1. How much area per residue is accessible in region 78-138 when the probe is 1.4 Å and only protein heavy atoms are counted (Å²)?
2. Classify region 180-329 from the C-alpha gyration tensor, please: rounded if a/c falls under 1.5, else prolate or oblate depending on whether a/b exceeds b/c.
3. How long is the gain from V112 to I195 if the chain were fully straight, where each residue apart is worth 0.36 nm and the alpha carbon distance is subtracted?
4. Return the FRET efficiency for the residue pair F204, W385: r is the Cβ-Cβ distance, R0 is 30 Å, and the value is rounded to the nearest 0.05.
5. On full extension of the chain, what length is gained from D295 through L56, given 0.36 nm per residue of separation minus the C-alpha to C-alpha distance?
6. From zero up to wherever the largest Cα-Cα distance of region 174-264 sits, split into 10 Å bins and tell me the percent of pairs in each.
7. Determine the sum of side-chain charges near G289: Lys and Arg each +1, Asp and Glu each -1, restricted to other residues whose C-beta is under 15 angstrom from that of G289.
8. Roughly speaking, what is the stretch gain from E285 to K237, that is 0.36 nm per residue apart minus the C-alpha to C-alpha distance, in nm to one decimal?
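The values are calculated or read from the model by the stated rules, or taken from the named source; none is laboratory data. Every value quoted in this text rests on a predicted model; they were computed, and no experiment measured them. Glycine gets a Cβ as well: all are built from the backbone with ideal geometry, and neighbour counts include every protein chain shown. Note: accessible area is taken over every heavy atom of the protein model, side chains too, but ligands, DNA and RNA are not part of it. Shrake-Rupley method; radii C 1.70, N 1.55, O 1.52, S 1.80 Å.
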Amino acid sequence: MTEPNYASFRRRALASLLDNVVWILFYFWIYIWIVGGAFLASDTAGIVAVLAFFSLWFNYFAVCEWRWGQTIGKNATGIEVRSVDGARRLTYGQASIRNLLRLVDFFVVGEVMIATDGRRQRLGDKAAKTVVLRRAPQGAMTPVRGGAEPIAAETPPADPQSAEGGTRRGLLPEIDWGPRQAFLGLLAAILLSAILPAIFVAPFDPDLSGTGSLIAAQFLLGASLVAVPIVVATSWKWRRWRDALPMLGFRRFRASAIKLAALAWLTYFIASAIYSAVIVEPKQEDVGGQLGVGDANIAIAVTAVVLVAVIGPMWEELFFRGFLFSGLRQGWSFWPAAVVTGLLFGLVHAPEGITIVVPLGILGGALAWLYERTGSLWPCIGIHWFNNALALALAPLLGNGTLHAVL
């Protein structure tokens, strides 16, 4: 009998890191928002909000492992949780027990047990009677059924544009990276965007209080968002960079893409207006003003406008749609890939105002749909250009509410 291929500690740690990094960042943004008094006025409400956050965090792991046998991080690293009795699908009770004991396993206990146990089980696995196995990365995160034998992911139906020459990925370019490389690229971009300003800008302006320092930091952020996709698409071979650009979406598009682009932006605008009227009016820091739009120095003012309305949209679309969404779409079906990409797109802009996360998440999802339908990044860049230019032009009249300069 073949010995099961138990997942190594390294793979499990990487999966945990991928799953938790966004939750940790989101928690600190929420915490700062609460402590700053912008959202909750009482200590009781603050405690309730933190408990609600941890409830969401816990149920993310429990529901994903119960429903699919793996979280997003586990899918990206090619591992899954199974019951020791041979059934591929866990019960919700098993998923709950193993994740409740995660709080105990985190403090050395789990790490030691995984390293020394023959079946690589931590305390939560032993209590829930589960094991974590290595497997080839799945396509979509397909619900699993009971039974001892692995069940392959079902082949998704062809997209509507298959008749026009599309594939399961719509009209997206053919690429050679998948969800794992996409998430690793996201982590690399986050690290670079933190390290580069600390090295090249902070020694001259530690607080990044000057307009020039902020502009320089934004360009270094943009360099991170461009470098990572290019490196992945070229496989570290500079001579392939011309081939990498079409893989990242810089291709011609049909005239019908203009109508689809207008539809995508209108969807975002209407959803943002409804969100503003029914839930909360989104408030965003004056990004253009901080970067020097309207500055008395003409050189700074022009640079800021070009950064917000022209260059910024290009590097954001390159990274989030051309690289991240396309990589997730290589392994996942459309909706999980679009929702995760949209959520990450919104979260990275949370420091500009936590209430804009949802509207920008909707915009990110709409742009992912547009990219899949057209197969070109240019319509997405065009919408991004239009949106930011309109937000800058109307900001003195409308403030920073329904329209947002996305940078």
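1. Details: 2940 Å² over 61 residues.
That works out to 48 Å² per residue.
2. On the way: a/c = 1.68, a/b = 1.06, b/c = 1.58.
Taking the square roots of the gyration eigenvalues as a ≥ b ≥ c, region 180-329 is oblate.
3. 26.7 nm
4. Values: r = 31 Å, r/R0 = 1.04.
Using R0 = 30 Å, I get an efficiency of 0.45.
5. Values: separation 239, 0.36 × 239 = 86.04 nm, distance 4.34 nm.
In short, 81.7 nm is gained.
6. Pair shares across the bins are 15, 32, 29, 21, 4.
7. On the way: positive: K283; negative: E285, D286, D295, E352.
Summing Lys/Arg as +1 and Asp/Glu as -1 gives -3.
8. Numbers: separation 48, 0.36 × 48 = 17.28 nm, distance 3.97 nm.
Result for the pair: 13.3 nm of gain on full extension.
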